[in-house]
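Heads up, the thing below is written out as structure tokens.
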Amino acid sequence: MATTTSDVQIDIDAHDAHHGPEKGLLRWVKTTNHKDIGTLYLWFAFTMLLIGGAMAMVIRAELFQPGLQLVEPQFFNQMTTLHGLIMVFGAIMPAFVGLANWQIPLMIGAPDMALPRMNNWSFWILPFAGVMLLSTLFMKGGGPAFGWTFYAPLSTTFAPESTDFFIFAIHMLGFSSIMGAINIIATVMNMRAPDMKLMDMPLFVWTWLITAFLLIAAMPVLAGAVTMMLTDRNFGTSFFDAAGGGDPVMFQHIFWFFGHPEVYIMILPAFGVISQIIPTFARKPLFGYSSMVYATASIALLSFVVWAHHMFLTGMPIAGQMYFMYATIMISVPTGVKVFNWVTTMWRGSLTFETPMLWAIAFVILFTIGGFSGLMLGIAPADIQYHDTYFVVAHFHYVLVTGALFSIIAAVYYWLPKWCGRMYNEKLARIHFWWAVISVNVLFFPQHFLGLAGMPRRIPDYATQFADFNMISSIGGFAFGSSFLLLTYIIVSCIRSGEPIEDERVWESAKGLEWTVATPAPYHTFNEPPQKDKILSESSHVGAH
Amino acid sequence: MLSRRCSVCSADASSNRFIARYTTKFKVKSNAIASWLLISFFFLPLSAFADLGFNLPKGVTPVSQNIYDLHMTIFWVCVGIAVVVFGVMIYSIIFHRKSRGAKASNFHESTAIELIWTLIPLGILIAIAVPATRVLIDLENTDKAEMTVKITGYQWKWQYEYLDNGVKFFSNLSKDSRERSEMGKVGDYPDHYLQDVDNRLVLPVNTRIRFLMTSNDVIHSWWVRDLGVKQDANPGFINDAWATIQKPGVYRGQCAELCGKDHGFMPIVVEAKSKEDYAAWVKEQQAKQKAAAAAGDREWSKDELMVQGQKVYSSTCAGCHGVTGQGIPGTFPAIAGSKIATGDVKEHINIVMNGKAGTAMQAFGAQLSDSDLAAVITYERNAFGNNTGDLVQPATIKAAR
Amino acid sequence: MSQNLTQEERQRRGARKTALIVAVVAFGIFLFTIYSTYKQ
């Protein structure tokens, strides 16, 4: 597929197969097709999810009871570090980029992404970065063991030699993200069907557009931080070394200036997914479409002015603590608006509970619980007792696992039938849902208690009063981890031998341009942009237009 | 199993006793795991009650009590919001389902409603922010301190310096915790496993104490929950916090900022005494420090050096080089059979006193007394099968300074 | 059909311009991060 879609003008009916994909493995290396690249992203993310999950299993196994049974503390720290990095940069972010690649052109009536060749490049950087990151485990002195936040000077003066490889891997991952974001911005801004206005766009497209701007603003800051780490380590600078006139706390400011928008990068597309799914199964337009857009935008803006709430204990002046506390708890206002809108969308709907809807409802409830603990953490004086404990671990796993990851699973159940033209096994999918949703709470809910009871995070061994809840949490962890084996089976068997579906719509009352193309989605779609009346009638958020 | 757990839960204030008993007797019975799981979850809704050990303790300082009250306020606010939001949602899930014949309405926007649910949360937030600000101002005010303790984080121990009376010492993980935390150890856990130290930080009650935190290497964080104090210790910078302990007792905590391999093994134990007992303790420490300085002036026998050396080794060196001197291949060199510990004595003394740049090996010359240095070097040269027969005297160390 | 092609070509040209601007902004943020830390 070295041709771009503009060369396909003779292909009058895109549903015909004679301009389909190339045969063989090289198809995947050379592809510039947004659907192929979306698939690549999603499989890469899934692979990394399983690797990162395996590391989580090592962590939970070691924490099953007090004492050291399985791994040395140094290796334990490598596991927590790589688990975090892989889940953030290898699983959640690429999964959302994969969903964006598949869905954005379909949802805005564009033939492909704006820059297909760059799209290929931004994917193919990822596997190399991932392998490089993982290879540090086998180097002398072990892999990075300083937490995914890699605070200096633990990550500079006191870090193993492999840290330089870690830095290079982060650079590559960041490069890939920035290129992906550029592509999404250019696609959404310039490639929409000519009759689609910005406020006609589905919410998933909106949230991704805003996310892409966050990426553009945040990832270069991370690149700057690791570059300065690199020069501190190897070229005698001392950006973060107090002995040379630098400041280790400055590192944290820079890191969290990236890091806080980063957590919204991982959750805004999730908001988009949920805003697509709930109206479909409530058979009702999304409530408060424009307020959803404004809420997303204000969350994004606020995310740049709250970073130091991760740093209340670094010795910030009191005025700084007050400002960051007020700004932080302000974020719960637009986030609350989103939750209220979802609940109101369900209110007096005609609800059915197919698997995507189950995941979406679980998302709303569990993400909100994560939001509550986030509000508690935002209160500066209370944060003294919560900071760096398992309370924080529980908080961010509620927003990232039962938040971001659940929305990705919901999205896959929702759109997979469209992508491959086959239905997943609904019965197994329900079993999977209940298995995962119960075990994930057994896994993470007791961690709130552990944190309040005084257990710090990132420790391989703990005092005996933490034993009960750790054991419960580990059992939940093993159950949750094994649920992904079932998910793998459900997805693979759906793609290979699921019941074929012909219906373009797939779900009874799904709305959106993606449901107007054939099922399974043909290799090329929307060579002709959709017309205005179609765009409006497919709008999932406007009722009587 | 079942009845034991229940009796504990219904006995309100006995949970601390229970934990203490459980700590010493903790053993896993695999067939009991399932019932533990079931029973523990049955009691999850009770989590709001501090005396069950699920929650923050009230603590023993004004700051910790203020934080506790604040924590409970936000908690109940969250519970209130959750009841409303989830209530509406669950009602909808039950009554607005298609299988019950619910027909979908078509309403999809209302500026008035959007405004209401923007403004009400805003009001709630302001109501939370007011007491939060008050607590914050109070805990950040470290003026009018009656005494000051400087706390320095090291990989992986704490140093305490009483700036008012010159008492100064290191506080390491206790020996029995260190030994139990060796890889693959089984058996009973020692009391206060991983939350016990060799030298406690002794403080007087009803005294406004200022803490100064800093670090010698990476970032640490000094945290004692019951005092309501957690503050990062940054290398090259000094932070402060304060506490007025209202009740004598022993309060435990540990490092809260990932600081490398033994981050989980640098506990903090504060012992709060009456003012008189504290004054007596200070006298005792000053006398001890004088005696230790004097000990450096005399000749030590090999037995004395070896006994003292083992003590110093297990508190100071064993964290990296291992209790049996084997180190960790690729990360921390072994002492057993090492070139330094069996080669030139001068080089050995040099590396222990001045450390090795670019590695985790610190300059212990600044941390240990002459006699402790002499003892530990002698120990390393004669233990773990090194058998060099060398004796290092405190006088040699003194000369090397 | 050909009109449609021009339409798409026009879109792609606009997209390339957008991409270039965004990329320059990203690089600017990168440089500014290091510069402002250095000035500290």
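Any read-out appearing in this document is the output of simple, stated calculations on the displayed coordinates, not a laboratory observation. Values in this document were obtained by computation on a predicted structure and should not be read as measured data. Using ideal geometry, Cβ is built from the backbone for each residue, glycine included, and neighbour counts are taken over all protein chains shown.
Based only on the alpha carbon positions, what is the Kirkwood hydrodynamic radius of region B:147-289, in angstrom?
15.5 Å
Hey, what do the phi angles of region A:67-79 turn into as Karplus ³J(HN,Hα) couplings, whole Hz, using 6.51/-1.76/1.60 and θ = phi - 60°, x for Gly and Pro?
Running phi through 6.51 cos²θ - 1.76 cosθ + 1.60 with θ = phi - 60° gives x, 9, 10, 10, 10, 5, x, 4, 5, 4, 5, 5, 5 Hz.
For the charge dipole of chain A, defined by +1 on Lys and Arg C-beta atoms and -1 on Asp and Glu C-beta atoms about the Cα centroid, which residue among A:Gly378, A:Ser155, A:Met229 has the Cα displaced farthest towards the positive pole?
Ranked along the dipole, the leading option is A:Gly378.
Dimensions of chain B along principal axes (Cα, Å, largest first)?
Sorted largest first, the three principal extents are 92, 55, 43 Å.
By a straight-distance test (C-alpha under 18 Å), which aspartates and glutamates pair with B:Lys175 as possible cross-link partners, with residues fewer than eight away in the same chain excluded?
A:Asp461, B:Asp188, B:Asp191, B:Asp196, B:Asp198, B:Asp262, B:Asp372, B:Glu380
FRET efficiency for B:Leu122 and A:Asp533, Cβ-Cβ distance as r, R0 = 41 Å, nearest 0.05?
0.50
To the nearest 20 Debye, how big is the dipole of the protein assembly as shown about its Cα centre, given +1 on the beta carbon of each Lys and Arg and -1 on that of each Asp and Glu?
I would put it at about 1040 debye.
Under 14 Å from a label point 7 Å along Cα→Cβ of A:Tyr489: give me every residue in region A:409-444 with its amide N that close.
Residues A:425-433, A:435-436 fall inside that zone.
Given the options B:Pro121, B:Leu136, B:Val84, identify the residue whose Cα lies farthest towards the positive end of the charge dipole of region B:62-139 (+1 on Cβ of Lys, Arg; -1 on Cβ of Asp, Glu).
Checked the options; the winner is B:Val84.
Among B:Ser110, B:Ser315, B:Ser369, whose mean-square fluctuation peaks in a Gaussian network model of chain B (Cα, cutoff 10 Å)?
B:Ser110
Excluding A:Gly451 itself, calculate the net charge of residues whose Cβ lies under 11 Å from the Cβ of A:Gly451, where each Lys or Arg counts +1 and each Asp or Glu counts -1.
Its environment carries a net charge of +1.
List B:Arg225, B:Arg401, A:Arg348 from most exposed to least, where exposure is judged by having the fewest other Cβ atoms within 10 Å.
B:Arg401, A:Arg348, B:Arg225
Exceeding 30 Å between C-alpha atoms, which entries from my cross-link table qualify? They are A:Lys418/A:Lys534; B:Lys261/C:Lys39; B:Lys185/B:Lys247; B:Lys157/B:Lys398.
The answer is B:Lys261/C:Lys39; B:Lys185/B:Lys247.
Quick check on packing: order B:83-89, B:135-141, A:440-446 by the mean number of other C-beta atoms within 10 Å, highest mean leading.
Working: B:83-89: 14.4, B:135-141: 18.0, A:440-446: 23.0.
By packing density, highest mean first, the sequence is A:440-446, B:135-141, B:83-89.
What's the magnitude of the charge dipole for chain C around its Cα centre, counting Lys and Arg as +1 and Asp and Glu as -1 at the beta-carbon? Answer in Debye, nearest 20.
It works out to roughly 80 debye.
Rounded to the nearest 0.05, what FRET efficiency do C:Ile21 and B:Glu347 have when you use their Cβ-Cβ distance and R0 = 60 Å?
It comes out at approximately 0.45.
Kirkwood Rh, region B:62-139, all Cα pairs: how many Å?
15.7 Å
Using a simple charge model, +1 on the beta-carbon of Lys and Arg, -1 on the beta-carbon of Asp and Glu, nothing else, what dipole does region B:62-139 show about its Cα centre, in debye to the nearest 20?
Around 540 debye, computed over region B:62-139.
Taking the alpha-carbon centroid of each part, what is the distance from region B:363-387 to region A:357-396 in angstrom?
Cα centroid of region B:363-387 versus Cα centroid of region A:357-396: 48 Å apart.
Pick from B:Lys275, B:Lys58, B:Lys98 the residue whose mean-square fluctuation is largest in a GNM of chain B, springs joining Cα atoms under 10 Å.
Looking only at B:Lys275, B:Lys58, B:Lys98, the biggest GNM fluctuation is shown by B:Lys98.
First check a/c for chain A, with a ≥ b ≥ c the square roots of the eigenvalues of its C-alpha gyration tensor; if it is under 1.5, answer rounded, and if not, answer prolate when a/b is larger than b/c or oblate otherwise.
Prolate shape, in that a/c is at least 1.5 and a/b is the bigger ratio.
Counting other C-beta atoms within 10 Å, which of A:Asp241, A:Asp468 has the fewest, and how do the rest follow?
Numbers: A:Asp241 19, A:Asp468 22.
Result, fewest neighbours first: A:Asp241, A:Asp468.
Calculate one ³J(HN,Hα) per residue across region B:289-306 by plugging θ = phi - 60° into the Karplus curve 6.51 cos²θ - 1.76 cosθ + 1.60, and present them in order as whole Hz with x for glycine and proline.
Whole-Hz 3J(HN,Hα) from phi for region B:289-306: 5, 5, 4, 5, 5, 5, 4, x, 8, 10, 7, 9, 7, 4, 4, 4, 4, 5.
May I ask you to derive the relative contact order of region B:187-317, considering only C-alpha pairs under 8 Å and at least 6 residues apart, and to give it as an integer percent?
Reported relative contact order: 26 percent.
Calculate, in nm to one decimal, what B:Thr148 and B:Asp188 gain on full extension: separation in residues at 0.36 nm each, minus their alpha carbon distance.
Working: separation 40, 0.36 × 40 = 14.40 nm, distance 3.86 nm.
Value of the extension gain: 10.5 nm.
Based on DSSP H runs of at least 4 residues, each adding -39500 (n - 2.57), what is the mean residue ellipticity at 222 nm of the protein assembly as shown after dividing by all its residues, to the nearest 500 deg cm²/dmol?
Computed ellipticity for the protein assembly as shown at 222 nm equals -18500 deg cm²/dmol.
Set the Förster distance to 41 Å, then compute FRET efficiency between A:Arg505 and A:Leu301 from the Cβ-Cβ distance, nearest 0.05.
E(calc), rounded to 0.05, equals 0.65.
Label points 7 Å out from Cα along the Cβ direction at B:Ala293 and B:Phe107: separation in nm?
8.1 nm
For B:Lys168, go through the aspartates and glutamates and keep the ones whose alpha-carbon is under 13 Å away, minus same-chain ones fewer than eight residues off.
Cα-Cα hits under 13 Å: B:Glu284.
Could you compute the net charge surrounding A:Met139? Neighbours are other residues with a C-beta less than 13 Å from the C-beta of A:Met139; K and R count +1, D and E count -1.
Overall, the nearby charge balance is -1.
Just want the answer: with Cβ charges of +1 for Lys and Arg and -1 for Asp and Glu, which residue in B:Gln195, B:Gly166, B:Thr244 is farthest toward the dipole's positive end in region B:161-271?
B:Thr244
Just want the ordering: B:Glu271, C:Glu8, from fewest to most Cβ atoms lying within 10 Å of their own Cβ.
B:Glu271, C:Glu8
Can you give the translational diffusion coefficient of the protein assembly as shown in µm²/s, computed by Stokes-Einstein from the Kirkwood radius over Cα pairs at 10 °C and 1.306 mPa s?
Approximately 52 µm²/s, per Stokes-Einstein.
Highest GNM mean-square fluctuation, chain B, Cα pairs closer than 10 Å: which of B:His71, B:His192, B:His108?
Taking springs between Cα atoms under 10 Å, the residue moving most is B:His108.
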